[in-house]
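Structure first, commentary second.
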Amino acid sequence: MAPYCVLVTRLQQVLSKGVRRYHVAPVLCQRAKVAMSHFEPNEYINYEMLEKNINIVHKRLDRPLTLSEKIVYGHLDDPVKQDIERGKTYLRLRPDRVAMQDATAQMAMLQFISSGLPRVAVPSTIHCDHLIEAQLGSEKDLRRAKDINQEVYNFLATAGAKYGVGFWKPGSGIIHQIILENYAYPGVLLIGTDSHTPNGGGLGGICIGVGGADAVDVMAGIPWELKCPKVIGIKLTGELSGWSSPKDVILKVAGILTVKGGTGAIIEYHGPGVDSISCTGMATICNMGAEIGATTSLFPYNHRMKKYLNKTGRAEIAALADEFKAHLVPDAGCEYDQLVEINLSELKPHINGPFTPDLAHPVADVGTVAEKEGWPVDIRVGLIGSCTNSSYEDMGRAAAVAKQALARGLKCKSQFTVTPGSEQIRATIERDGYAGILRDVGGLVLANACGPCIGQWDRKDIKKGEKNTIVTSYNRNFTGRNDANPETHAFVTSPEIVTALAIAGTLKFNPETDFLTGADGKKFKLEAPDADELPTLEFDPGQDTYQHPPKDSSGQHVDVSLTSQRLQLLEPFDKWDGKDLEDMLILIKVKGKCTTDHISAAGPWLKFRGHLDNISNNLLIGAINTENGKANSVRNALTQEFGPVPDTARYYKKNGIKWVVVGDENYGEGSSREHAALEPRHLGGRAIITKSFARIHETNLKKQGLLPLTFADPADYNKIHPVDKLSIVGLADFAPGKPLKCIIKHPNGNQETILLNHTFNETQIEWFHAGSALNRMKEMQQH
């Protein structure tokens with residue numbers, strides 16, 4: 001137990017000013033409580049339990065612990081008996097809270113409704129940020145979104161009220177900025193139905209992106225399973241300065257570790273360089289850890305986090321964290337599975353892309369590389385904001401660059417858009433003049449939402465198929481992600497570099513060394529931006545956009561129309577029939593990168609996220625077929641005709657034929673969207689066989705009763721041809737750690753047998769037998 005708590009600290013401060021000094025009884029410490037957030041005054045931070053569990057594990061393992069281990073093991077359901085081995089055992093955890101964005105919340109709440117439970121067991125929130133399309137500007141776009149999505153917003157609001165879930169209305173802001181401002185705190189274990197949930201690691205929490213079925217488990221009060229993560233240490237030395245920013249740290253790390261280098265691991269930043277980074281800067285770094293496949297990322301509690309907590313009205317949490325700080329930093333002498341060291345003093349501004357977030361270039365070099373590779377060097381649009389870079393500091397640094405250009409009579413040569421991260425950020429940058437400066441330089445301020453970052457962009461300046469370049473401060477730049485145009489070359493960098501490049505209009509401009517020409521014909525060089533990390537005045541909260549769940553929800557109704565094209569109640573998937581999966585057809589053998597964007601596209605398809613049958617019409621339409629090198633064109637093995645992937649899957653399902661997908665490396669990287677698992681299950685798929693999986697997608701497939709399997713020998717990928725039939729045998733003896741056999745039947749009658757590995761544990765095998773994790777939950781309730 002820490003010696004003092006926040007109440008004791010305050011009492012002592014008051015009493016020390018008087019004539020007499022009093023002894024404060026230890027029992028008083030036990031009674032002091034600090035709420036998790038202003039919105040949940042009766043839900044308290046439980047550092048005592050965290051401390052108790054850490055002490056138990058410390059004694060068991062008898063070694064120093066990393067910060068990641070302290071927080072994860074501090075939330076164990078049974079710290080006494082839990083097997084703990086990094087990278088091997090599955091942990092049963094008790095997260096503190098759940099957060100859901102509106103696109104994934106639809107399916108999560110539909111699944112929760114199917115569970116039959118009356119109310120969520122942990123604090124949970126829904127955030128409306130994904131369904132607002134960028135088109136004309138913030139006010140018009142928000143008004144249009146509320147009209148178009150009224151049915152979905154009403155469903156989420158009433159479901160939240162019925163089941164005890166807080167509801168952040170459209171216009172509130174991006175989920176991860178809202179969490180940082182209101183819900184994240186040092187030592188929290190939070191799961192969110194969005195892959196960039198790790199943003200909360202900037203406040204010293206373990207915040208992990210999951211699929212909706214995982215969220216349902218936690219909301220139902222069931223221990224949540226996570227494979228015990230390895231821990232990659234990133235030691236930061238030196239300090240950031242000049243044009244270098246927190247974004248450059250993660251762009252550098254992505255270049256080192258690649259898009260799958262963090263798979264199965266938590267990225268833990270530490271070292272003396274940490275203190276040179278603001279709290280929101282740390283959040284930026286943690287946010288983009290999703291791009292290297294990491295389970296999550298985090299920083300140790302320090303004075304920058306305390307400063308942010310104080311400024312966002314959570315001084316009580318900061319004081320409590322100070323008391324328990326020993327448990328919110330790593331132990332001296334702790335060991336990492338891998339260690340990377342970065343000297344921030346030597347770090348140069350970076351820009352990554354196109355088409356993948358781990359293709360790193362120094363800004364000084366990207367123009368030359370682009371010319372060599374044939375990438376367009378003229379920048380059509382610069383876009384700043386997103387959940388990764390939309391803080392007050394981000395907007396301030398971008399405005400500092402824009403202000404210099406305006407002083408010389410310049411505006412952006414490229415189109416320029418600005419996305420505030422939250423209503424609080426929007427209101428504050430309006431008050432402090434940043435928004436006005438960014439408008440004056442040519443910027444269009446968009447709604448407080450995800451917008452173009454997730455493909456919600458009604459782009460008019462180009463035609464589909466037109467080769468062009470955009471530069472963003474976003475996190476992902478997969479093919480077609482932002483505007484559905486596969487010829488858009490998207491690069492990611494910091495907001496200040498985006499602003500400088502948009503002013504110059506070309507990738508060939510290096511703001512550290514190159515000159516611009518002012519309206520008076522004189523050359524000048526931009527100075528490195530400088531801006532406050534937090535406002536001098538208090539944050540302006542803006543409009544109140546939060547809906548509290550009522551204490552009594554007994555009279556609340558949630559309606560889903562049977563004729564709705566946006567929402568559809570779920571029917572349970574069929575149970576395993578006890579037989580091997582024989583003579584499955586190959587729906588598609590995928591060539592190369594296949595992200596969740598390829599499997600279940602976003603953009604215009606977001607409107608169907610609550611309707612499983614309708615959204616299944618985008619199944620794998622972005623994946624490249626090895627047979628013909630085309631997207632959304634596969635051979636129907638029964639008719640021998642080529643057609644769209646979803647149509648072919650439906651044809652097989654109608655004829656009672658099971659099918660399988662064969663994939664390449666890191667299959668399912670990117671977003672946490674569980675629709676990429678629900679859709680193949682809904683349309684009759686039974687297994688996905690790949691060289692390797694991204695963590696979240698592999699779990700999502702298991703949750704829905706599918707078999708995610710990997711080649712024991714990756715070279716066996718080449719033995720399978722799209723016209724073959726596959727049989728997975730040995731399912732009667734399906735057991736953890738035991739490979740399954742796959743019989744490949746070629747059209748000429750020849751057969752080959754290969755081995756397939758899996759990562760199923762006993763609980764996950766029960767999901768497969770029951771048909772899904774939700775089915776298994778219902779079975780357990782009945783028994």
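Hey, can you grab everything whose amide H is under 5 Å from the amide H of Glu239? Only 5+ residues off in sequence or another chain; H modelled, so Pro and N-termini drop out.
Under 5 Å from the amide H of Glu239: Leu344, Ser345.
Let me know the Kirkwood hydrodynamic radius for segment 267-421, please, with Cα pairs as the basis and the value in Å to one decimal.
So the Kirkwood estimate lands at 18.6 Å.
Please list log₁₀ I(q)/I(0) at q = 0.16, 0.21 Å⁻¹ for segment 665-706, using the Debye equation with identical point scatterers on the alpha-carbon positions.
Log10 I(q)/I(0), no solvent term: -0.33, -0.57.
Residues with beta-carbon under 12 Å from that of Arg144, excluding Arg144: net charge, scoring Lys, Arg +1 and Asp, Glu -1?
Spelling it out: positives minus negatives among the neighbours equals -2.
Which FRET efficiency, nearest 0.05, do Arg92 and Gln556 yield, Cβ-Cβ r, R0 35 Å?
Between Arg92 and Gln556 the formula returns 0.65.
Counting only C-alpha contacts under 8 Å and six or more residues apart, can you give the relative contact order of the chain as a whole percent?
13 percent
Order Met780, Met100, most accessible first, counting only protein heavy atoms with a 1.4 angstrom probe.
Per-residue accessible area, sorted high to low, gives Met780, Met100.
Using +1 at the Cβ of each Lys and Arg and -1 at the Cβ of each Asp and Glu in the chain, identify which of Tyr44, Leu683, Val210 lies farthest towards the dipole's positive end.
Of the candidates, Tyr44 comes out farthest on the positive side.
Provide Lys59, Lys719 ordered by accessible surface of protein heavy atoms (probe 1.4 Å), highest first.
Lys59, Lys719
With the alpha-carbon atoms as the only input, what is the per residue convex hull volume for segment 497-643 in Å³?
355 Å³
Take Arg63 and Gln751, extend 7 Å from each Cα along the Cα→Cβ direction, and tell me the distance between the two endpoints in nm.
4.6 nm
At each listed q (0.13, 0.14, 0.17 Å⁻¹), what is the log10 of I(q)/I(0) that the Debye formula gives for segment 146-279 modelled as equal alpha-carbon point scatterers?
Here log10 of I(q) over I(0) equals -0.72, -0.81, -1.08.
Please tell me the relative contact order of segment 153-222 in percent, rounded to the nearest whole number, where contacts are Cα pairs under 8 Å and at least six residues apart.
22 percent
Ignoring any ligand, DNA or RNA, what whole percent of the accessible area of segment 615-736 comes from carbon and sulfur when the probe is 1.4 angstrom?
It is 48 percent, rounded to a whole number.
Can you give the FRET efficiency for Phe515 and Ala315, using 1/(1 + (r/R0)^6), R0 = 51 Å, r = Cβ-Cβ distance, to the nearest 0.05?
E(calc), rounded to 0.05, equals 0.65.
Show me the ranking of peptides 505-513, 753-761, 376-384 by mean Cβ neighbours inside 10 Å, starting with the highest.
Listed from highest to lowest mean packing, they are 376-384, 505-513, 753-761.
For segment 336-421, just run the numbers: alpha carbon Rg, then divide by 2.2 N^0.38 Å, N being how many residues it has.
Normalised Rg, Cα atoms only: 1.33.
So what's segment 39-91 giving for Rg/Rh, alpha carbon basis, Kirkwood Rh from the mean inverse pair distance?
1.04
Using 0.36 nm per residue of separation minus the Cα-Cα distance, give me the extension gain between Thr237 and Glu371 in nm, one decimal.
The Thr237-Glu371 span can extend by a further 44.8 nm.
Wrap a convex hull around the Cα atoms of segment 717-772, take a quarter of its surface area, and give that in square nanometres.
One quarter of the hull surface, i.e. the mean projection, equals 4.6 nm².
Please compute the Kirkwood hydrodynamic radius over segment 636-728, one decimal place, Å, based on all pairs of different Cα atoms.
13.9 Å
Would you mind calculating the relative contact order of segment 357-512 from Cα pairs under 8 angstrom and at least 6 residues apart, reporting the percent as a whole number?
Reported as a whole number, the value is 36 percent.
Separation of segment 487-542 and segment 198-233 by C-alpha centroid, Å?
With segment 487-542 and segment 198-233 each reduced to a Cα centre, they are spaced 35 Å.
Using alpha carbon centroids, what distance separates segment 42-117 and segment 695-754, in Å?
Taking the Cα centre of each part, segment 42-117 and segment 695-754 sit 32 Å apart.
Can you tell me what percent of all Cα-Cα pairs in the chain are more than 43 Å apart?
26 percent
What length, rounded to one decimal in nm, is gained on full extension from Arg431 through to Ile148, with 0.36 nm per residue of separation minus their alpha-carbon distance?
Using 0.36 nm per residue and subtracting the Cα-Cα distance, I get 98.8 nm.
If you add up the charges near Pro123, with Lys and Arg at +1 and Asp and Glu at -1, over every other residue whose beta carbon is less than 10 angstrom from its beta carbon, what do you get?
That works out to -2.
So if I take the centroid of the Cα atoms in segment 640-670 and the same for segment 761-783, what is the distance between those two points in Å?
Using only Cα atoms to place each centre, the spacing works out to 25 Å.
Working from the alpha-carbon coordinates of segment 105-198, get Rg over Rh, Rh being the Kirkwood radius.
0.98
Amide H neighbours of Phe416 under 5 Å, counting only residues 5+ apart in sequence or on other chains, H built in-plane at 1.01 Å?
Those qualifying (amide H under 5 Å, at least 5 residues apart or on another chain) are Gly382, Leu444.
Return P(r) of segment 354-508 (all Cα-Cα pairs; 10 Å bins starting at 0; whole %; ordered from short to long distances).
Calculated over all Cα pairs of segment 354-508, the distribution is 12, 44, 35, 9, 0 percent.
Could you list the residues of segment 352-367 with an amide nitrogen less than 12 Å from a label point located 7 Å from the Cα of Asn343 in the Cα-to-C-beta direction?
Within reach of a label on Asn343: no residues.
When the chain is fully extended, how far beyond the present Cα-Cα distance does Ala332 get from Leu537, taking 0.36 nm per residue of separation?
70.0 nm
Sorting check: for 306-315, 559-568, 181-190, which peptide has the highest mean count of neighbouring beta carbons within 10 Å, and how do the rest follow?
Ranked by mean Cβ neighbours within 10 Å, highest first: 181-190, 306-315, 559-568.
Quick one: work out Rg over Rh on the C-alpha atoms of segment 438-478, Rh as Kirkwood radius.
0.96
How would you order 406-413, 71-78, 320-327 from highest to lowest mean count of nearby Cβ atoms within 10 Å?
Output ranking for 406-413, 71-78, 320-327: 71-78, 320-327, 406-413.
Hand me the GluC sites (Glu not before Pro) from segment 563-661 located in a DSSP loop with no more than 12 other Cβ atoms within 10 Å, in residue order please.
Glu641
The values are calculated or read from the model by the stated rules, or taken from the named source; none is laboratory data. Computed from a prediction, not measured in an experiment: that's the story for all the values here. Methodologically, a virtual Cβ is constructed for each residue, glycine included, from the backbone with ideal geometry; neighbour enumeration extends over all protein chains shown. Just the protein is used for accessible areas: all its heavy atoms, side chains included, with ligands, DNA and RNA removed. Shrake-Rupley method; radii C 1.70, N 1.55, O 1.52, S 1.80 Å.
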